[in-house]
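Taken together, the values in this text are just the output of simple stated rules run on the coordinates, not laboratory data. This is a predicted model, so every value here is computed, not measured. For neighbour counting, all protein chains shown are included, and Cβ atoms are generated from backbone atoms with ideal geometry for every residue, glycine included.
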Amino acid sequence: MDERLPWHLSMWQQCQQRLASGRLPHALLLAGPAGLGKRAFAHRLANALLCETPAAEGDACGQCRACRLLRAGSHPDHRMVQPAEDGKVIKIDQIREISAFLDHTAQYGGYKVVLLEPADRLNVHAANSLLKTLEEPPGASLLLLVTAHPARLPATLRSRCQLLRFEPPPPTVALPWLQARITEPLDIKALLAVAGGAPLAALQQASGERWRRRRELVECYDQVQTGRLDPIRAAEIWTEGELAENLRWLIGWHTDLIRLKMSPNEPFRLSNPDLRAILWRWADRQAPRRLFERWDAAVQLHTLCTTTQTNVALLLEAFLSDAAEVVNPASC
């Protein structure tokens, strides 16, 4: 992505000031929720460091030999490290190759840059190998570790990187950016709220089909809770489409249910403002303890279905069957 995202401005200026003063660290940990453009920022910084004639604001020129090689994926002083397959880990052999790469002098006499993403997919042996490289960093090199889950990295690894924390931008920045890119008649404020304030995540969900899919799952879950839909059939519906996204929506609904139940008379921002009416109905039906149990079950469901080899249909059936057993609040 070549676009300069407006909410990156202060972080970009911070990196440029460090570079100009010779204080750019040997390793940066780009951390924050998904959908904020961490990977785009990492690519932008890598391109700028390797460019032969960067612009005044520090961006790559896009025209020089280094920029052309980067576009072609063949710059000799740049490496990208990712899992060999989706859902797999980054292995120790990949890190050993990077260590050997960093030990050699840059072919073009400048920086050597390694972009590692997602960093939380490092297995234990790979993380330990990378730690050794970070403890004795070679000169004129930069490792960019990108992750939405920094807590999954060993503390020793995190401590040897300078943190660049990405936060959702204020709506005054995010909404105009989205409005310029979304042509469908959608509630953009609700879309941004559902995406946790992350503009790129909101843009990804902005197709009418995905928005309709979310509404379909809301209706499906409501029908299960009221006994109008069999949990086995409902589980089949939930496995359709992007499962991880479906389950993130589910967690968001249960988070809002707890907010509504615990503070019914206090105004606050819901993550799903367009679903307030149906969420109120769900919250009224259940006791606080039950809602916390269901939220915990939703988080565990997401974790198991997205990080392990498991019988997804069976787990969904169990979760949805439990949803049909509405607890009388007076009994809790």
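Tabulate in residue order the Karplus-calculated ³J(HN,Hα) for the stretch 239-252, using 6.51 cos²θ - 1.76 cosθ + 1.60 with θ = phi - 60°, rounded to whole Hz; enter x for Gly and Pro.
Karplus values, whole Hz, x for Gly and Pro: 7, 6, x, 8, 4, 4, 5, 4, 6, 5, 4, 4, 4, x.
About the Cα centre of the stretch 217-264, what is the dipole size in debye to 20, counting +1 per Lys and Arg Cβ and -1 per Asp and Glu Cβ, all else neutral?
300 debye
With a point put 7 Å past each Cα toward its Cβ, work out how far Glu57 is from Glu240 in nm, to one decimal.
So the label points at Glu57 and Glu240 sit 4.4 nm apart.
Which stretch or stretches of the stretch 114-155 have amide N atoms under 12 Å from the point lying 7 Å from Arg96's Cα along the Cα→Cβ direction?
126, 129
Projected onto the charge dipole of the chain (+1 at Lys/Arg Cβ, -1 at Asp/Glu Cβ, origin at the Cα centre), which of Trp12, Thr183, Ala324 gives the Cα projection farthest towards the positive end?
Looking along the dipole axis, the top candidate is Trp12.
Give me Glu117, Glu216 sorted ascending by neighbouring Cβ count inside 10 Å, so fewest comes first.
Least to most surrounded, the residues fall as Glu216, Glu117.
With charges set only on the Cβ (+1 for Lys and Arg, -1 for Asp and Glu), what does the dipole of the chain come to about its Cα centre, in debye to the nearest 20?
Roughly 660 debye for the chain.
Run through the stretch 229-300 and list the trypsin sites (Lys or Arg not before Pro) located in a DSSP loop whose Cβ has at most 12 other Cβ atoms within 10 Å.
Loop-located and lightly packed - Arg269.
Neighbour counts of other C-beta atoms within 10 Å: give me Tyr111, Tyr221 arranged from fewest to most.
Ordered from fewest to most neighbouring Cβ atoms within 10 Å, Tyr111, Tyr221 come out as Tyr111, Tyr221.
Among the lysines, select those whose C-alpha is under 28 Å from the C-alpha of Lys132, and discard any that sit fewer than 8 residues away in the same chain.
Lys38, Lys88, Lys91, Lys112
Hey, what does the equivalent ellipsoid look like for the chain, semi-axes from the Cα gyration tensor as sqrt of 5 times each eigenvalue, largest first, whole Å?
43, 23, 17
About the Cα centre of the stretch 207-331, what is the dipole size in debye to 20, counting +1 per Lys and Arg Cβ and -1 per Asp and Glu Cβ, all else neutral?
Roughly 420 debye, rounded to the nearest 20.
So what's the stretch 207-331 giving for Rg/Rh, alpha carbon basis, Kirkwood Rh from the mean inverse pair distance?
The Rg/Rh ratio comes out at 0.95.
Taking every Cα atom in the stretch 6-165, find the radius of gyration and the maximum pairwise distance Dmax, and write them in Å.
Rg, Dmax (Cα atoms, Å): 14.9, 41.
Based only on Cα atoms, what mean projected area does the convex hull of the stretch 152-239 have, in nm²?
Taking a quarter of the hull surface, the average projection is 9.0 nm².
What is the set of long-range amide H partners of Val81 at a cut-off below 5 Å, with H atoms built 1.01 Å from backbone N?
Distant-sequence amide H within range of Val81: Leu115, Leu116, Glu117.
Can you find, among Gly252, Ala277, Leu217, the residue sitting farthest towards the positive end of the charge dipole of the stretch 207-331, where Lys and Arg contribute +1 and Asp and Glu -1 at Cβ?
Of the candidates, Ala277 comes out farthest on the positive side.
Measuring from the lowest to the highest alpha carbon on each principal axis, how far does the stretch 100-193 reach, largest first, in angstroms?
Extents along the principal axes: 53, 33, 19 Å.
For Asp256, Asp86, Asp103, which order do you get if you count the other beta carbons within 10 Å of each Cβ and list the fewest first?
Asp86, Asp103, Asp256
Ordered by residue, what ³J(HN,Hα) values in Hz, to whole numbers, does the stretch 75-83 give under the Karplus form 6.51 cos²θ - 1.76 cosθ + 1.60, where θ = phi - 60° and Gly and Pro are x?
6, x, 9, 10, 9, 10, 10, 9, x
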